[in-house]
Amino acid sequence: MSAASANGNPNDGLGLSRLLGARRVQQDRAAEVVRLARERSQRQGERIARVAEAMSRTGGESLEPHAAMAALAARAAGVQLLAELSAVRRTLHDEEEAAVEAHTAARREVRSLEKLQARLAVRERERELRAEQQVLDEVALRRRPREDADAEGGADR
């Protein structure tokens with residue numbers, strides 16, 4: 001916190017509000033990145049399921065050697081494709097985790113700034129109340145000598 005905000009500078013609240021707004025925008029962007037990462041990961045999982053389903057349907061129905069060799073080559077290619085799709089999915093999952101961590105950090109920062117803003121608002125209100133109390137005390141002190149003088153003047157009559 002700057003020295004100016006400790007002294008109750010009202011412009012610091014404006015700067016904090018701007019910073020908080022910027023952090024909220026970052027938080028929203030991070031949430032969008034998380035959403036997109038989850039969508040990509042889900043789509044990749046669906047691709048893997050489709051390839052696995054297609055591979056499970058292809059069997060060795062034909063006893064012809066050329067057909068059996070072709071089926072075996074297709075299965076090997078399918079296994080390789082599944083391995084590649086799984087590697088991509090792991091990468092997408094890692095990206096999703098990183099996006100979630102970034103979003104969590106952005107949310108934490110927003111909460112911290114909101115708490116700071118609330119504390120500054122409380123301090124500003126306390127400062128205003130102290131200033132108001134000071135004015136009331138000064139008014140009371142000014143009245144007291146007049147009241148004392150009026151009381152003395154009334155006793156003389």
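Within the range 72-84, residues that are within 26 Å of S41 (Cβ to Cβ) have Cβ atoms under 9 Å from residues that are of a type in the set (G, A, S) and surrounded by 12 or more Cβ atoms within 10 Å (Cβ to Cβ) in these pairs: G78/A52; G78/A54; L82/A52, counting only partners at least 6 apart in sequence or on another chain. Say whether the condition of being surrounded by 12 or more Cβ atoms within 10 Å (Cβ to Cβ), modelled with pLDDT of 90 or more and acidic (D, E) is met by at least one residue in the range 45-64. The answer is no; no qualifying residue exists.
The values are calculated or read from the model by the stated rules, or taken from the named source; none is laboratory data. In this text the structure is predicted, and so the values were computed from the model without any measurement. Glycine gets a Cβ as well: all are built from the backbone with ideal geometry, and neighbour counts include every protein chain shown.
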